[in-house]
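Notes for the one structure printed next.
Only the coordinates and a few stated rules stand behind these numbers; no lab work does. Here the structure is a predicted model, which means the values were calculated and not measured. Here the Cβ positions follow ideal geometry from the backbone for every residue, glycine too, while neighbour counts run over all protein chains shown.
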Amino acid sequence: MGIEIRQATAEEMAEFGILGGYVYGGAFGDGPDNLIARVTRPEWTLCAFDDGKLATTFSTIPFTMRANGMAMPLAGVSTVGTQPEYRRRGLVRRIHTQALEQMRDAGQPLAALWASQAAIYQRYGYAMSTVLRHYAVDTVDIRFHDGDEGSGRVERIGLDAGYDTIKAIYIEFIAEGTCYLHRAKDLWLNNVLDPEDGKEGPIWVAVCRDAGGRGRGYVVYTLRADKVDHPARGQELVVRELVWLDQNAYRSLWSFIASHDLVGRVSWGSAPADDPAFEFFQEPRLLHAEDHEGAWYRIVDVPAALAGRGYDVAAEIAIGIENDPLTPWNNGAWRLEAATDGARARATNQTPDIRMNIKALASLFTGFRSATELANWGVLEGNRDAVIRADAIFRTRHAPHCPDHF
């Protein structure tokens, strides 16, 4: 029978989970009922079977993401893994090629993933388009250079009572963003509200309210003793999420965190690249900030992606895409007519104003890289006027960010 590429059946999902547990070294649990098997639906999968034996797993989760203020369908690629004895045979490439066509047919113009190895997915046209900024700061070093600690009222609330409140704040927070995901309950639980086997203690939620009682921000965190080598402040406060709708809420939430006098380290591993702490803090170097690799994005359907994104200028540009073997329907020239109230994109015979490969377009589309940066690096071609125009067209209101793993 040989290699067969198809969906896994419901009866095969236990085997799917076991292979996922092996490939990821137990990071998501072991056995047939681990997290991978529980959250992955058979209809999301596309797998390789060798005479009925599961050789490679692959799934695409249907998400909706923000694209500079617009909602856009996104295929979240996940659980990619191959039995060691079946590696180096091109199975992932075969599956990925078929999956990209299915994504296009399903109306998903973008794909995204968390790359186990960047070398693999750059070959498939993915570009790193977000970063996770890590902070590790002592509470005594949380000070604002202008002395403004915020005037919001911050109170801790229970998870059950707080879920609807923080969900509403999150929806407003991401509205104008790029790469943020619309969250279903499972995504909230898996990424924000699940205490990770309870090892780091219970989840706490604190909400910042303005003078009128409206929620303007929140922080989700854990708190544990004996985590820091300090004689008086041995606790660690781990921020799982910090969201703010205005700078008063941002300052107020940090001031609330700083009020934990026994905490010697505040750790936040998923701050966005444009987080304002560097601008506000008295000694920003004491944040010990490090930028870590974030999510990777791939354009699946060029005209649909270009037309579905939000823009802040009215302008036109012709974009040439070359050398995309996995999605050959993207090769050619595309005319983008951008406007603040919508956009159109269509094939054109016009000579492209700018040219690039599909990977570079993902960096430009998300706003992670500017056209000028890409041109300086030699991965985008175009005259100076066209490059400047592309800078303006693809500039985003906020740095692209995806704190959610999938």
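Between residue 22 and residue 167, the FRET efficiency estimated from the beta carbon spacing at R0 = 25 angstrom works out to 0.10.
Taking a ≥ b ≥ c as the square roots of the eigenvalues of the alpha carbon gyration tensor, the range 153-261 is oblate, as a/c is not under 1.5 and a/b does not beat b/c. Once the Cβ-Cβ distance of residue 186 and residue 397 is raised to the sixth power relative to R0 = 35 Å, the FRET efficiency obtained is 0.80.
A convex hull fitted around the alpha carbon atoms of the range 3-108 yields 109 Å³ per residue. For the range 142-195, build the charge dipole from Cβ charges (+1 Lys, Arg; -1 Asp, Glu) around the Cα centre, then report which of 177, 142, 188 sits farthest towards its positive end. Checked the options; the winner is 188. Magnitude of the charge dipole for the range 301-394, about its Cα centre and with charges confined to Cβ atoms of Lys, Arg (+1) and Asp, Glu (-1), is about 100 debye. Here the Karplus curve 6.51 cos²θ - 1.76 cosθ + 1.60, taken at θ = phi - 60°, turns the phi angles of the range 21-37 into couplings of x, 5, 4, 9, x, x, 4, 10, x, 10, x, x, 10, 6, 4, 4, 5 Hz, with x standing for Gly and Pro.
Size descriptors for the chain (Cα atoms only): Rg and Dmax, in that order, 22.7, 72 Å. Diffusion of the range 276-368 by Stokes-Einstein, at 4 °C in a medium of 1.567 mPa s and with Rh set to the Kirkwood radius over alpha-carbon pairs, works out to 85 µm²/s. Antiparallel beta bridges, as assigned by DSSP with both residues in the range 3-108, represent about 100 percent of the total such bridges.
Projection of the Cα convex hull of the range 320-406, averaged over all directions and equal to a quarter of that hull's surface, yields 7.0 nm². Candidate cross-link partners of residue 359 among the aspartates and glutamates, defined by an alpha-carbon separation under 13 Å and a same-chain spacing of 8 or more, comprise 301, 322, 324. Within straight-line reach of residue 227, meaning a Cα separation under 21 Å, sit the following lysines at least 8 residues removed in sequence or on another chain: 199.
In a Gaussian network model over the chain where Cα atoms closer than 10 Å are linked, find which of 81, 158, 107 has the largest mean-square fluctuation. In the Gaussian network model the winner is 158. Net charge within 14 Å of residue 124 by Cβ-Cβ distance, Lys/Arg positive one each and Asp/Glu negative one each, not counting residue 124 itself? Within the 14 Å Cβ shell, the charges total +3. Taking every C-alpha pair closer than 8 Å and separated by at least 6 residues, the mean separation divided by the residue count of the range 132-292 gives a relative contact order of 40 percent.
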